[in-house]
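Visitor: This is the structure I have questions about; it appears just below.
Every number in this text was worked out from the coordinates using simple rules, so none of it is lab data. Fair warning: this is a prediction, and the values are worked out from it, not measured in the lab. Reconstructed Cβ throughout: ideal geometry from the backbone, glycine too, with neighbour counts over all protein chains shown.
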Amino acid sequence: MLKGSFEYIKEKIGDLTPDTAVILGSGLGGLVDSLTDAIIIPYKDIPDFPQTTVAGHSGCFYVGRIGTHILICMQGRFHFYEDIAPQLVSQIIFLFKQLGVRQIFITNAAGSLRKSMPEGSIMLIKDHINLSGRTPLIGRHAEPYFPDMSEAYSPKLAKKFKQIAKENKIKIYEGVYVMLLGPNYETPSEVKLLCHSGIMDAVGMSTAPEVIASVHQGIEVLAVSVISNLANGLSKHKPDHKDVLRVVGKSAKTLGMLLRQLLEKE
Ligand code: HPA
């Protein structure tokens, strides 16, 4: 458990009680610039807390305000492909829950499985398919032992997000996110298989674990992908992490603005 981490963070943030957690995906770390009076807590200073190993994931918590909300933002997430214990994801979400979090916004960079959803698009995730072969709930865990996933993504938060996008005249897509373990990008044949199912819209290497753990903890979920590339075989460009960070960086401002307005209006 992350008992030492919880106590350290609690001491750092004093009487601030975060109600919203935000997990920032590759290239989306800049969203923390919207926070007022941010307290920065590097992972390396936190007892019992692991380090991120991926470029574009710096490894800090930011605690600060937007509107009436107090946020805890995770700039740097942990991926199953880093060979972390799957339970670590559940422990981090439990840490949020203990701090007072009741809703979570999860972002990621993803490859598009639809030629009609180009790079730079913002896709609201309406459901996921976890093909990573792992779950953060593996092993002993608290009740509910078999959490229901029939409405994993909060329809209420999704509706608000869509409304705000509409008010700002920003086109957003909606779709199903499929998680593969990674860290390699998919082969063109794997992409063909995913596309062939007809039910998947974007592919990535994260998010499903955090969503599963949040649903288990009764935390409401909003999740959004920024499309960084067309998945392998759908375009002549090959996916590359540097390009992913560059493309996502461009849409990050728009996504940040939408999330900020969502919080300001709530
Ligand atoms: N595949 C998997 N994960 C990704 C991709 C992709 O094409 N782009 C960004 N993350």
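Visitor: Which of the residues belonging to region 165-177 are without any contact (Cβ under 8 Å) to a residue 60 or more places away in the chain, within 16 Å of the ligand (Cβ to nearest atom) and not aromatic (Phe, Trp, Tyr)?
Guide: Matches in region 165-177: VAL176 only.
Visitor: Among the residues of region 13-32, what is the count of those that are over 24 Å from GLN217 (Cα atoms) and either without any contact (Cβ under 8 Å) to a residue 24 or more places away in the chain or out of contact with any Phe, Trp or Tyr (no Cβ under 7 Å at 6 or more places or on another chain) (or both)?
Guide: Counting residues in region 13-32 that are over 24 Å from GLN217 (Cα atoms) and either without any contact (Cβ under 8 Å) to a residue 24 or more places away in the chain or out of contact with any Phe, Trp or Tyr (no Cβ under 7 Å at 6 or more places or on another chain) (or both) gives 6.
Visitor: Among the residues of region 206-240, which ones are acidic (Asp, Glu) and over 24 Å from PHE105 (Cβ atoms)?
Guide: Matches in region 206-240: ASP240 only.
Visitor: Please verify whether region 33-40 includes one or more residues that are in contact (Cβ under 8 Å) with a residue 12 or more places away in the chain, under 15 Å from ARG260 (Cα atoms) and of a type in the set (A, V, I, L, M, F, W, C).
Guide: Yes, the conditions are met somewhere in region 33-40.
Visitor: Suppose we filter LEU193, LEU222 for residues that are within 14 Å of the ligand (Cβ to nearest atom) and under 18 Å from VAL176 (Cα atoms); which single one remains?
Guide: The unique qualifying residue is LEU193.
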